[in-house]
Amino acid sequence: MFKMTPNILRNLITDKATRLYPFETREPWTGVRGELGIDIEKCTFCGICALKCPTGCLSVNKKEGLWICDPFVCVYCGVCVESCPKKCLYQDLVYREAADEHGKIVMKGEPPRRKKEAET
Amino acid sequence: MKSTVIPIGPQHPVLPEPVHLKLTVVDEVITDVVPSLGFVHRGLEMLVDSRDYHQVVQIVERVCGICSMMHAMCYCQGIEEMMGIEAPPRAKYLRVIWSELHRMHSHLLWLGLFADSFGFESLFMQFWRIREKVLDIHEATTGNRVIVSVNKIGGVGKDLDDDQIEWILSELKNIKREVRRLGPTLLDDYTVKKRTVGRGVLTSQQAIDLGTVGPTLRASGVARDMRQLGYAALGELDFEPVIEEAGDSWARCKVRFKEVLASIDMIRQAAGKIPAGDIAVRVKGAPPEGEAISRVEQPRGEVFYYIKSKGQKKLERLRIRTPTFANLPALLSILPGLYLSDVPVVVLSIDPCISCTER
C-alpha cells in the first residue's frame with residue numbers, strides 16, 4: 001500500500017499516455033514515407049520507377065503518357081522516389097486511408113515527343 | 001494413468017503467431033509434444049527467381065516483421081561479399097545504429113508479450129508504451145515504423161544528421177530510465193518469479209547439442225553471439241555478450257532485459273564514433289557466379305543466409321535459416337515434464353517467430 005499510493009497520486013496528476021486516436025492525431029514526423037504521388041508535368045515516362053519497384057505496383061506507358069500506380073500493392077519502400085532521375089516522384093507525410101473499393105491511380109501527362117516530331 | 005491429447009494453437013490467445021502443438025498429457029503433466037508448422041508459408045525464397053537482386057532486399061525484409069532491418073542487412077552483406085564491394089564506414093555505423101534500435105524494439109515487444117503470457121497486463125502495456133518511442137525514432141529517421149527499408153546493396157539509403165543523432169541520444173536516455181524503472185517489477189516480483197524460475201530449464205550442454213542460438217543459448221551460460229564476428233562496424237565497438245547461467249524462463253527474460261540496456265549502450269558508442277563520409281557506393285553489374293554465406297545476430301539469435309548466383313541479375317537460390325528454426329528443437333525438449341499451465345510461458349520464453357521460420 002505504501003508503495004502503491006505515490007504511484008496512484010502521480011497517475012492522478014499526470015496526463016494520459018494515450019490519445020483519442022481518430023479524433024486526435026499527432027503531427028507526422030518529417031521524412032515519413034507516406035502515400036506516393038507524382039508531379040506528372042516533370043515526368044519523362046522513362047519507366048525507371050516501374051523497373052525498380054520491388055512489388056511491381058507501378059506501370060508506365062510512354063506512348064500514351066500514362067503513369068499508373070496500384071496503391072494497394074505499394075509497400076512504401078521509397079525505392080522509386082530514390083531512383084527517379086527527374087525527381088518528380090514524392091511521398092506525402094501521411095499514409096493512405098483505408099478504402100472499401102479497389103482502384104488504381106492513373107495520371108496522364110504529355111508524352112515526350114520524338115526528335116523528328118519536335119523539329120517539325 | 002490414461003493420457004489425453006490437448007492441441008494448442010494455431011489460434012491461441014497467448015500465441016502471437018500460428019504454431020500448432022499437440023500435447024500428450026498425463027494428469028496435468030506433459031509427456032510428449034508434436035509440433036506442426038506451415039500455416040504462414042509464403043514462398044519468399046522462390047521469389048528470387050523472378051526479381052532483380054536489388055529488389056530482393058525488399059523481399060527479405062518481409063521475412064520477419066520485427067527484425068526486418070537485420071534480414072536486409074544480412075542479405076546485403078552477403079551480396080557485397082560476393083561482389084567484392086565494401087560499404088562506406090559511415091554506412092556501417094548507421095547499420096549498427098538501426099539494427100540495435102531494431103533489437104530494442106523487438107525485445108521490448110517480447111518483454112511485453114511475456115508479461116502478457118502470465119497475465120500481467122499492465123506491465124505488458126508499460127513495455128509497449130516504451131517500445132512506441134523506439135518506433136517513433138524509426139519513423140522520424142527512416143520514414144517507416146517497423147519495416148524500415150534503409151538498407152541497399154553497397155550501403156544505406158538514408159543518412160542521419162547531427163541534430164537527429166542528438167535527438168536519438170536524448171530519447172534513448174529517457175527510454176533507459178523508463179526501462180530501468182520497470183526492471184524490479186519484472187525481475188524481482190514474487191509472482192513473476194513463481195511462474196518463471198525453474199520452468200523450462202535448458203542446460204548449457206543441451207543448448208549446444210540442440211543447436212540453440214541467441215538469448216535462449218546465452219541464458220544457458222554460453223557466451224555466443226554473432227555480434228562477436230564484428231560485422232558492420234561492430235568490430236570497432238566495445239561489446240560483451242549478455243549471459244545468464246540458470247537456463248530457465250526467468251534467465252531468458254533477464255538476458256533480453258539486459259540486452260535492451262546493452263543495445264542502448266552500443267548505439268551511444270556508435271553515435272560517438274560515427275565518421276563523416278558517403279553512405280553508399282555505386283553498384284554496377286550482377287553478382288558473379290558462385291555462392292556466399294552471411295550471418296547476423298538478430299534479436300532472437302543467429303540468422304543464416306546462403307546465396308547462390310549464376311552470374312545474372314536474378315539469383316539462382318536463396319536459403320534463409322532463421323533463429324526460431326534453430327530454437328524449436330530446444331523448445332520441444334524442455335516441454336515434457338512441465339505442467340500444462342506452464343506451456344504459454346515456456347513457449348514464449350524462446351521468442352518464437354513463426355513467420356520467420358516458414359518464410
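The values are calculated or read from the model by the stated rules, or taken from the named source; none is laboratory data. This is a predicted model, so every value here is computed, not measured. Positions of Cβ are generated from backbone atoms using ideal geometry, with glycine treated the same way; all protein chains shown enter the neighbour counts. Heavy atoms of the whole protein, side chains included, go into the accessibility calculation; ligands, DNA and RNA do not. Shrake-Rupley method; radii C 1.70, N 1.55, O 1.52, S 1.80 Å.
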For this session: Just one of (1) touching a helix residue (DSSP H, G or I) at 6+ places or on another chain (Cβ under 9 Å); (2) assigned to a loop (DSSP other than H, G, I, E, B); (3) at pLDDT 85 or above trips up residue B:319, so point out which.
Result: (2)
For this session: Go through region B:13-35 and give me each residue that's open to solvent by 40 Å² or more (accessible area, probe 1.4 Å), farther than 17 Å from residue B:200 by Cβ and in contact with a Leu (Cβ under 8 Å, 6 or more places away or on another chain).
Result: B:16, B:34
Seminar exercise, completed: Going through region A:47-85 in order, the residues found to be basic (Lys, Arg) and within 11 Å of another protein chain (Cβ to nearest Cβ) are A:52
Problem set entry | Filter result for residue A:70 (of a type in the set (D, E, K, R) and either at pLDDT 85 or above or surrounded by 14 or more Cβ atoms within 10 Å (Cβ to Cβ) (or both)) | yes
Exercise. Pairs under 8 Å by beta carbon, first residue farther than 21 Å from residue B:186 by Cβ in region B:124-146, partner at pLDDT below 90 and open to solvent by 60 Å² or more (accessible area, probe 1.4 Å), six or more apart or different chains?
Worked result: B:136/A:29; B:138/B:145; B:139/A:29; B:139/B:145; B:140/A:29; B:140/A:30
Seminar exercise, completed: Here the qualifying pairs (Cβ atoms under 6 Å; residues six or more apart or on different chains; first in region B:1-12 and open to solvent by less than 90 Å² (accessible area, probe 1.4 Å); second assigned to a loop (DSSP other than H, G, I, E, B)) come out as B:9/B:15; B:9/B:19; B:10/B:18; B:10/B:39
Problem set entry | Only listed residue being open to solvent by 20 Å² or more (accessible area, probe 1.4 Å), of a type in the set (Ser, Thr, Tyr) and either in a helix (DSSP H, G or I) or modelled with pLDDT under 90 (or both), chosen from B:106, B:99, B:122 | B:122
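Table: residues versus (1) within 14 Å of another protein chain (Cβ to nearest Cβ); (2) at pLDDT 85 or above; (3) in contact with a helix residue (DSSP H, G or I) (Cβ under 8 Å, 6 or more places away or on another chain).
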{"site": "B:22", "(1), (2), (3)": "no, yes, no"}
{"site": "B:26", "(1), (2), (3)": "no, yes, no"}
{"site": "B:38", "(1), (2), (3)": "no, no, yes"}
{"site": "B:55", "(1), (2), (3)": "yes, yes, yes"}
{"site": "B:62", "(1), (2), (3)": "yes, yes, yes"}
{"site": "B:75", "(1), (2), (3)": "yes, yes, yes"}
{"site": "B:81", "(1), (2), (3)": "no, yes, no"}
{"site": "B:86", "(1), (2), (3)": "no, yes, yes"}
{"site": "B:92", "(1), (2), (3)": "no, yes, no"}
For this session: Mind counting the residues in region B:139-165 that are open to solvent by less than 10 Å² (accessible area, probe 1.4 Å) and in a strand (DSSP E or B)?
Result: 3
Exercise. Does region B:215-223 contain any residue that is within 21 Å of residue B:264 (Cα to Cα), more than 11 Å from chain A (Cβ to nearest Cβ) and surrounded by fewer than 21 Cβ atoms within 10 Å (Cβ to Cβ)?
Worked result: yes
Exercise. In region B:36-54, what count of residues is obtained for those that are in contact with a Leu (Cβ under 7 Å, 6 or more places away or on another chain) and open to solvent by 50 Å² or more (accessible area, probe 1.4 Å)?
Worked result: 0
Seminar exercise, completed: Among A:44, A:5, A:30, the single one that is open to solvent by 40 Å² or more (accessible area, probe 1.4 Å), away from chain B (no Cβ under 14 Å) and touching a residue at least 60 places away in the same chain (Cβ under 8 Å) is A:44
Exercise. Looking at this structure, is residue B:323 open to solvent by less than 10 Å² (accessible area, probe 1.4 Å) and in contact with a Ser or Thr (Cβ under 9 Å, 6 or more places away or on another chain)?
Worked result: yes
For this session: Give the residues of region A:49-68 that are farther than 16 Å from residue B:52 by Cβ and among the β-branched types (Val, Ile, Thr), sorted by residue number.
Result: A:60, A:68
Seminar exercise, completed: Subset of region B:267-294, residues surrounded by fewer than 17 Cβ atoms within 10 Å (Cβ to Cβ) and in contact with a strand residue (DSSP E or B) (Cβ under 9 Å, 6 or more places away or on another chain), comes to B:278, B:281, B:288, B:289, B:290, B:291, B:293
